[in-house]
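**Student:** Quick one: the structure is below, questions incoming.
The values are calculated or read from the model by the stated rules, or taken from the named source; none is laboratory data. Predicted model, so just to flag it, every value in this text is computed and none were measured. Cβ placement follows ideal geometry from the backbone for every residue including glycine, while neighbour counts extend to all protein chains displayed. Surface accessibility is based on the protein's heavy atoms, side chains included, excluding ligands, DNA and RNA. Shrake-Rupley method; radii C 1.70, N 1.55, O 1.52, S 1.80 Å.
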Amino acid sequence: MRPAEYAAALLVATLGLAAIYLSRQLPYSAEYGPGAGFLPFWLGIALVLLSALLFREAKSQAATEGAATGHNDPDHANTNLSMDKSSRKPWLVFLGSILALAFLFQPLGLLLSTALFMLVTMRWAAQRTWFSSILFAVVTPIALYVGFSRLLVVPLPSGPFGF
Amino acid sequence: MAAIPVFLRGWFSRLLVLTVICMGFTAWGGTATAVRAIDDDYPDKRVEMVVPYSPGGGSDIFARTITSMLEKQGIVDASINIVNREGGSGTIGGAYVRGKEGNNYVLMTVTSGILTNQLVLGTDVTYDDFTPIARLALDQLLIVVPDDSPYKGIEDLIEAGKAKPDEVTWGGTGLGGEDSLLLAQLEQESGANLNYVSFESGGEVQAALLGGHVDVASANPNEILGQLEAGGMRALAVAGEERLEALPDVPTLKEKGIEAVYEQLRGVFGPPNMDPEAVQFWADAFKQLSESEQWQEEYISENMLRSGYLPPEEFRTFLDEEYKKVESSIKEMGLGPEGSPATPAS
Amino acid sequence: MIETLESLFRGFAVALTPTNLLFALIGVTAGQIIGALPGIGTVVGVSLLLPLTFNMDPTGAIIMLSGIYYGAQYGGTISSVLINMPGEAATVVTTLDGYQMARQGRAAKALGIAAIGSFVAGTFGVVMVTLLSPVLTTFALRFGPPEYFALILLGFTSLSAFSGTSIAKGLVSVIIGLLLSTVGLDIMSGRPRFTFGEDWLLDGFSFLVAAIGLFGIGEILDGMMNPADHPMIRTSLSWRNSLPSSVEWIRSRGAMVRGALIGFFVGVLPGAGSTLASFIAYSVERSASKHPEEFGKGAIEGVAAPESANNSASAAAMIPLLTLGIPGSGTTAVLLGGFLLWGLRPGPLLFTEHPDFAWGLIASMYIGNLMLVVLNIFAIPLFASMLRVPYAIQASFVVLFAIIGAYSLDNNPIDVLIMTAFGLIGFFMKRLDYPAAGLVLGLVLGPLAEKSLRQSLTLSRGDWSIFFTRPISGVLMVVAVSALLWPLARWAIVRLRPD
């Protein structure tokens, strides 16, 4: 978790530097008052300063934790990025499915992409039986199609086969 | 049925109930989506009319009015589906239609925004990517002040703008849009110098004007006719070629010796390489529409526009000329993609 | 006064005809459902049905469409509470305590208090619209750019309510939100910022797309790490379950009143809107509360205050629309477009020229709010029972709704990818304890703050004293600056003091 805290602080610093660099290319002031580059420039400075503070916090946190172990807030203070072994595979399947759905939603169309998504997540992330996974993969897209495309007339993407 | 997993029984039936409720209330809406035209003539299937701006806006009203009139007057027998694809000042919808190359079943509403986008923002969606079909109407700009303003006529405003440069504030939507272009022309022609304040929407401009936060503003007539009638605002001048029918006492800038005209066009584009027969079909349909009484009464007068049909070729020429005009205004204002290194000009 | 009441009675006569009652019912039901679906917000909902009203009688049409508008404010709460995904911009704050309540098995209570608060505040809003429209219009017009800027600064004070363990992390989240809000077309200078020549970045990041990803997907990815932490929640299907207990009622009473007042005064200002109102109400409630430490952990006031605020704000937004013809928000802009479509001229003469239309609408808002609270109290257990679905299955449906919601916002496939990216960001933020609500706050308030700051300085030609020499702005500035600086000063004192 400490590496993650440091990585986040580093990312914040990078973002701040990028903001400073990019905003230098915009006019800092307009005819009257601040220009397009004013706000992003100072936000960038603030991020860089705050990232230093984040490093310090991560460090002191590490120190206190080394001293007194066992202090564990059940919900929020748990900044752990690792997880149970048993749920690692389903989680990765789930994450992969979300990414795949995001990229395939437009090219494959609503019906096909959501059917695939439901099949995969039901079977391997929710660990349902084949039977109910297939049932979900069939019923859900149709319900979505009827609900959104037909009843609410929301234009949703149709795939290469026209559905 | 024993194969149905246990967890399905309780909540699944509830989902079903919900779905049924949904269906119930929208069923009446479903019937409104019309059936495919039966005849063999073009257009033999549903046509998509893309509005690259938000619902309820000027382009949207334009699209809904023309499609409903085309259907009601029996000019076109197919049903036309309006789809709002807003975003990026109209470029998102534009890029979508540009991608429908050669498709005879896609149309798009177009405004002068397409010219300014290209010039001010450097967007890569340009007007000559498309197939011009028809120009239908022109929207004017009015110059208005609050009722208690010391400016009784446009002359007073010009004078104040010369005497105290940059002190009189002018509210408009966006920089590089029609309001700022009009002011640029006005300043160039009259030698006055006003302080332009950019707002997000026409509504905000009106609120700022009524609250006395800005001294003068420009707006489309149909946005503010209500205010003019109620006496909250006065119109100093109209920036069109001729006076408005509804406001016969308001002079044009031209009459006052200021050669500033800014009219926003409203027309229809097709995707690139649309079939000439299809273009002709729609051009004829719009011509017939623009000659109808209903068009004049329910659209032009209602929204205080100027009717101005132009067929495809003339529309293209008009766009070319307009482009040059806007280009010089924008150069004058020091705007444009060259001025912003963050966006390389394309 | 007598005249107003007479007009209102006439309005009721219009609104109570069977057809108009039916339109109101259709409107509020549709609004409820549309609001509950993330992404399919009021703007989309109203615009979906706007074309259908093209040939309708304008009064029936406006009754139906405004029913969708305020109905969605009720509905938006549902997905915020149940799946941590805001259905509406104005219900983002509700997720903070609403979702925590749901995880504690108190989903029905959260939804119940939201519905009651919405009813109380919505009705209060309509009463104010009935009685005080002209006065309030004058008040609203006194707000120019400097006043907006000061008000928005006040909105930033809600930051302290979100920052959990670390103020630095809270600040980083807000600043990243502000930074993201600068992406896109800068209306003040007329040039694109940080768009790298990409047209799809011209509009910047839509705050709702970001919120759906950050909250909805982020939460689901987090929850799926340990699905066992989310046991199925047994809820009873009785509607009594959604009514607050007497303790809860006492705790939320004040919150509703404060929320309704704040929501109303912020909502009446064109351009400020119900989202800002809900943020400010939450922040005020937290400082007024006797137990601020419970906020963010399932405090019922944390649901009651913003929900009351967004409903009275949406009623208040009708004032500039009806009295001036000026839309105060995206949705009222669509409604205004409707006026024009139906051949009505919005503006100050609307009340005199079309009294049946204006008063019929106002009367229907009383009726609609009543319909909604009844509808909600009875439907809540049904909605809450969705939590009885195993978590892993819920998760897949959340993803589907998020994707469809993001897409249908603008019919733009890129929004789906942006939403997913924000989902990943939200996941890491949650794991590392960076408050995602801070990012959303920055994203919402950033453009408003920057714009009004630069407008003010253009008006004053670069003179910063404009913020302090105008009475309303001066007072708001002093309040906002001291509210913003106080926690920072306290934090600095604590940190710098040697142990």
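**Student:** Pop the C-beta distance of C:Ser246 and B:Gln296 into the FRET formula with R0 = 60 Å and round what comes out to the nearest 0.05.
**Tutor:** 0.35
**Student:** Also, quick follow-up: May I ask you to list the aspartates and glutamates whose Cα is less than 19 Å away from that of B:Lys45, ignoring any residue fewer than eight positions away on the same chain?
**Tutor:** Result set, ordered by chain and number: B:Glu71, B:Asp77, B:Glu101, B:Asp275, B:Glu277, B:Asp284.
**Student:** Right, here's the next one. Between C:Leu21 and A:Phe161, what FRET efficiency follows from the Cβ-Cβ distance if R0 is 35 Å, with the result rounded to 0.05? Provide the component values of the computation, followed by the final result.
**Tutor:** Working: r = 45 Å, r/R0 = 1.28.
My answer for the efficiency is 0.20.
**Student:** While we're here: If you take the accessible area of C alone plus A alone and subtract the pair, what total do you get in square angstrom, rounded to 100, with a 1.4 Å probe?
**Tutor:** It comes to approximately 5600 Å² buried between C and A.
**Student:** Using protein heavy atoms only (no ligands, DNA or RNA), what is the total accessible area buried between A and B, 1.4 Å probe, nearest 100 Å²?
**Tutor:** 1200 Å²
**Student:** C:Val481 to C:Ile2: FRET efficiency via 1/(1 + (r/R0)^6), r the Cβ-Cβ distance, R0 41 Å, to the nearest 0.05?
**Tutor:** 0.35
**Student:** What is the Rg over Rh value, at two decimals, for chain C, using alpha-carbon atoms and the Kirkwood definition of Rh? Working shown, then result.
**Tutor:** On the way: Rg = 21.8 Å, Rh = 22.8 Å.
Taking Rg over the Kirkwood Rh, I get 0.96.
**Student:** Per residue, how large is the accessible surface of the protein assembly as shown? Use a 1.4 angstrom probe and give square angstrom. Walk me through the numbers before you get to the answer.
**Tutor:** On the way: 37460 Å² over 1008 residues.
Heavy-atom SASA per residue in the protein assembly as shown reads 37 Å².
**Student:** Could you state the orientation-averaged shadow area of the convex hull built on the Cα atoms of the range C:280-345, in nm² to one decimal?
**Tutor:** 5.4 nm²
**Student:** Which residues of the range C:207-234 bury at least 40 Å² of accessible area once all protein chains are present, versus their chain alone (1.4 Å probe)?
**Tutor:** Checking the loss per residue gives C:Leu221, C:Met224, C:Met225.
**Student:** Right, something else. What does the charge count near B:Lys152 come to, summing +1 for each Lys or Arg and -1 for each Asp or Glu among other residues with Cβ under 12 Å from its Cβ?
**Tutor:** Summing Lys/Arg as +1 and Asp/Glu as -1 gives -4.
**Student:** Compactness ratio of the range B:49-204: Cα Rg over 2.2 N^0.38 Å, N = residue count?
**Tutor:** Values: Rg = 19.1 Å, N = 156, 2.2 N^0.38 = 15.0 Å.
Scaled against compact globular proteins, the figure is 1.28.
**Student:** Can you return the lysines within cross-link range of B:Lys256? Criterion is Cα-Cα under 25 Å, with same-chain partners fewer than 8 residues away left out.
**Tutor:** B:Lys152, B:Lys162, B:Lys164, B:Lys324, B:Lys325
**Student:** For the range B:60-150, which whole percent of the accessible surface, found with a 1.4 angstrom probe, sits on carbon and sulfur atoms?
**Tutor:** Here carbon and sulfur together make up 38 percent of the probe-accessible area.
**Student:** Let me ask something additional. Reachable aspartates and glutamates from B:Lys72, Cα under 14 Å, same-chain residues fewer than 8 places away excluded?
**Tutor:** Straight-line reach from B:Lys72, under 14 Å: B:Glu293, B:Glu298.
**Student:** For a quick check of your reading of the filter: which chymotrypsin sites (Phe, Trp or Tyr not before Pro) in the range C:435-499 sit in a DSSP loop and have no more than 14 other Cβ atoms within 10 Å?
**Tutor:** Counting only loop positions with at most 14 other Cβ atoms within 10 Å, the chymotrypsin sites (Phe, Trp or Tyr not before Pro) in the range C:435-499 are C:Trp464.
**Student:** I'd like the residues of the range C:402-438 whose 1.4 Å-probe accessible area shrinks by no less than 40 Å² going from the isolated chain to the full set of protein chains.
**Tutor:** When all protein chains are present, C:Ile403, C:Ile404, C:Tyr407, C:Asp410, C:Asn411, C:Leu417, C:Thr420, C:Arg431, C:Leu432, C:Asp433, C:Tyr434 each give up 40 Å² or more of accessible surface.
**Student:** Which angle from 0 to 90°, rounded to the nearest 10, does the C-alpha axis of helix A:130-144 make with the longest principal axis of chain A?
**Tutor:** Result, in degrees: 80.
**Student:** Still on this structure, please answer the following. Rounded to the nearest 500, what is the 222 nm mean residue ellipticity of the protein assembly as shown from helices alone, with -39500 (n - 2.57) per DSSP H run of 4+ residues and division by all residues? It would help to have the intermediate numbers written out before the result.
**Tutor:** Values: 37 runs with 582 residues, N = 1008.
Taken over the protein assembly as shown, the calculation gives -19000 deg cm²/dmol.
**Student:** A:Val138 versus B:Glu255, label points 7 Å from Cα toward the beta carbon: distance in nm?
**Tutor:** 7.4 nm
**Student:** Sticking with this one: In Å² (nearest 100), what accessible area is buried between B and C, both sides summed, heavy protein atoms only, 1.4 Å probe?
**Tutor:** Counting protein atoms only, the buried area is about 5400 Å².
**Student:** Shifting gears a bit: Summing Lys, Arg as +1 and Asp, Glu as -1, what charge do residues with Cβ under 11 Å from the Cβ of A:Pro40 carry, A:Pro40 excluded?
**Tutor:** Combined, the nearby Lys, Arg, Asp and Glu give 0.
**Student:** Treat every Asp and Glu Cβ in the range B:173-289 as -1 and every Lys and Arg Cβ as +1, leave all other atoms uncharged, and give the resulting dipole magnitude about the Cα centre to the nearest 20 debye. Write down the numbers at each step before the final one.
**Tutor:** Details: 6 positive and 19 negative charges, 33 e Å.
The calculated dipole for the range B:173-289 is roughly 160 debye.
**Student:** Something else about it: Can you send over the carbon and sulfur percentage of the accessible area for the range C:415-462, probe radius 1.4 Å, protein chains only?
**Tutor:** Percent of accessible area from carbon and sulfur atoms in the range C:415-462: 69.
**Student:** According to the Kirkwood expression over distinct Cα-Cα pairs, how big is the hydrodynamic radius of the range B:159-257, in Å? Write out the running numbers ahead of the final one.
**Tutor:** Details: mean 1/r = 0.0717 Å⁻¹.
Value: 13.9 Å, from the Cα pair sum.
**Student:** Report, in debye and to the nearest 20, how large the dipole of the protein assembly as shown comes out about its Cα centre when Lys and Arg carry +1 and Asp and Glu carry -1 on their Cβ.
**Tutor:** With Lys and Arg at +1 and Asp and Glu at -1, about 4940 debye.
**Student:** First compute the accessible area of the range C:175-278 with a 1.4 Å probe, then give the percent of it belonging to carbon and sulfur atoms.
**Tutor:** Ligands and nucleic acids excluded, carbon and sulfur reach 62 percent.
**Student:** At a 1.4 Å probe, which residues in the range C:155-177 are at least 30 Å² less accessible with all protein chains present than in their chain isolated?
**Tutor:** C:Ala168, C:Lys169, C:Val172, C:Ile175, C:Ile176
**Student:** Bin width 10 Å, origin at 0, all Cα-Cα pairs of the protein assembly as shown: what percent of pairs per bin?
**Tutor:** Reading upward from the zero bin: 2, 11, 21, 25, 22, 13, 5, 1, 0.
**Student:** Extent of the range C:1-140 along each principal axis, from alpha carbon coordinates, in Å, largest to smallest?
**Tutor:** Extents along the principal axes, in whole Å: 50, 34, 29.
**Student:** I need the per residue convex hull volume for the range C:393-499, using only the alpha carbons, in cubic angstrom as a whole number.
**Tutor:** 193 Å³
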